[in-house]
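Note sheet for the following structure.
The values are calculated or read from the model by the stated rules, or taken from the named source; none is laboratory data. Predicted model only: the values in this text are computed from it and were never measured. No Cβ is skipped: glycine too gets one built from the backbone with ideal geometry, and neighbour counts run over all protein chains shown. Side chains are part of the model used for accessible areas, which takes the heavy atoms of the whole protein and leaves out ligands, DNA and RNA. Shrake-Rupley method; radii C 1.70, N 1.55, O 1.52, S 1.80 Å.
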Amino acid sequence: MAKRISCSLYDYFEIVCMRNSKVVVSLKNKQQFSGIAKALIHENGTEFLSLMQGDQTLVNINLTDVAILSACNNAIEHHNFSVSLI
């Protein structure tokens, strides 16, 4: 069975995608990505965040690899938040 994150944490990913939020995603291995949250993708039982980076490159990030999801520098202040997944 594939690893999954809790439903309450999954909601944060849905929110940033619906808002096309600017996000910074920090992985458990300390790697970091920033860009615009575009979509959640499901492939072979694994869930990914599709992130458009500044150079228009799409990166798919496995949700179970995420340590911290931060929505930041968005125009509407209450759309900015940070949540730890570990």
Quiz item: Which one of these does Val23 not meet: (1) open to solvent by 40 Å² or more (accessible area, probe 1.4 Å); (2) within 10 Å of the chain's Cα centre (by Cα)?
Solution: (1)
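Here's the yes/no breakdown for (1) open to solvent by 50 Å² or more (accessible area, probe 1.4 Å); (2) without any contact (Cβ under 8 Å) to a residue 40 or more places away in the chain:
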site: Asp11; (1), (2): yes, yes
site: Gly45; (1), (2): no, no
site: Ser50; (1), (2): no, yes
site: Val59; (1), (2): no, yes
site: Ser82; (1), (2): yes, yes
site: Leu85; (1), (2): no, no
